[in-house]
């Protein structure tokens, strides 16, 4: 991928609820510029991109590029920086689905098995699928998109069936290493730490462990993490714990002390202090707000939200 200046990597986050762990972005306005941007981005969830017109390429942090054309579908796992560029003179049209694959995979497995078959195990790198290369998966993703766009009131059961079928097919593909596509040997430097935090946020966490997972010195790891994520590593862990606490406060009747323990904060005073600092209200106030207003969690974790409208490039 040609580069004229240093790439900027942005973390763009979508808030997906456990009862509806997917989001669809569609419409004629979702068109990709033919001007290569130096801004790469990655998400907190699986991205499924559907190309409907023209051609171009996907670029990754390490400089690797992969061509696309109309009819192609790309599955890009969380924590994988990428960008899209249309061919000269074109503005390719795309639709996007964002899914919490861990929630979906966990619906069909015991908790232990589901943890082993999290997104990191189902899809360790991006997957380029066409109607010819992966007919079954292409069909399921297309059905999932069509049902996501549908305004029918009874679409939820079909959405669940299609997502579970997609997970089953990804499990099958994951067992065939020859069908995986590797970007190259050097993956996004922070990915091991982000995956570890995502899967082990309730466990003790220290900088030495996170840095070693990324094969970086503690100093380099701290600097890189802050520059990309916009927050120090251990503060990010706290923020993830508070996000998970919001989900439990909103979906269970568990006591606040039990929720604090469940997300890895043993001191109730520390839990209350961190919750107030991040969410702007106490845990009890937050639970009451959710009950009476149905409000969504406030997001303070990162500086960039996921796109809900296209960028003007």
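The values are calculated or read from the model by the stated rules, or taken from the named source; none is laboratory data. Given the structure is predicted, the values throughout are model-derived calculations rather than measurements. Cβ atoms come from the backbone with ideal geometry, glycine included; neighbour counts cover every protein chain shown.
Numbers for the structure displayed
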quantity: Positions within region 172-205 being in a helix (DSSP H, G or I) and at pLDDT below 80, in sequence order; calculated: 174, 177, 178, 179
quantity: Among (1) under 21 Å from the mean Cα position of the chain (by Cα); (2) surrounded by fewer than 21 Cβ atoms within 10 Å (Cβ to Cβ) - the single one residue 75 does not satisfy; calculated: (2)
quantity: Helices (runs of 4 or more DSSP H) completely within region 206-313 that count 2 or more residues being more than 24 Å from residue 12 (Cβ to Cβ) and modelled with pLDDT of 90 or more; calculated: 207-213, 218-229, 256-262, 268-279, 283-293
quantity: Meets criteria (modelled with pLDDT under 80 and out of contact with any strand residue (DSSP E or B) (no Cβ under 6 Å at 6 or more places or on another chain)) for residue 124; calculated: yes
quantity: Subset of region 19-50 that is exposed (fewer than 13 other Cβ atoms within 10 Å of the Cβ) and touching a helix residue (DSSP H, G or I) at 6+ places or on another chain (Cβ under 9 Å) - its residue that is modelled with the highest pLDDT; calculated: 20
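A quick yes/no check of all residues on (1) part of a strand (DSSP E or B); (2) at pLDDT below 85; (3) surrounded by 16 or more Cβ atoms within 10 Å (Cβ to Cβ):
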| site | (1), (2), (3) |
| --- | --- |
| 95 | yes, no, yes |
| 102 | no, yes, yes |
| 131 | no, no, no |
| 141 | no, no, yes |
| 144 | no, no, yes |
| 156 | no, yes, no |
| 164 | no, no, no |
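Yes/no per residue for (1) in contact with a strand residue (DSSP E or B) (Cβ under 8 Å, 6 or more places away or on another chain); (2) surrounded by fewer than 21 Cβ atoms within 10 Å (Cβ to Cβ):
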site	(1), (2)
194	no, no
200	no, yes
206	no, yes
212	no, yes
221	no, no
230	yes, yes
238	no, no
246	no, no
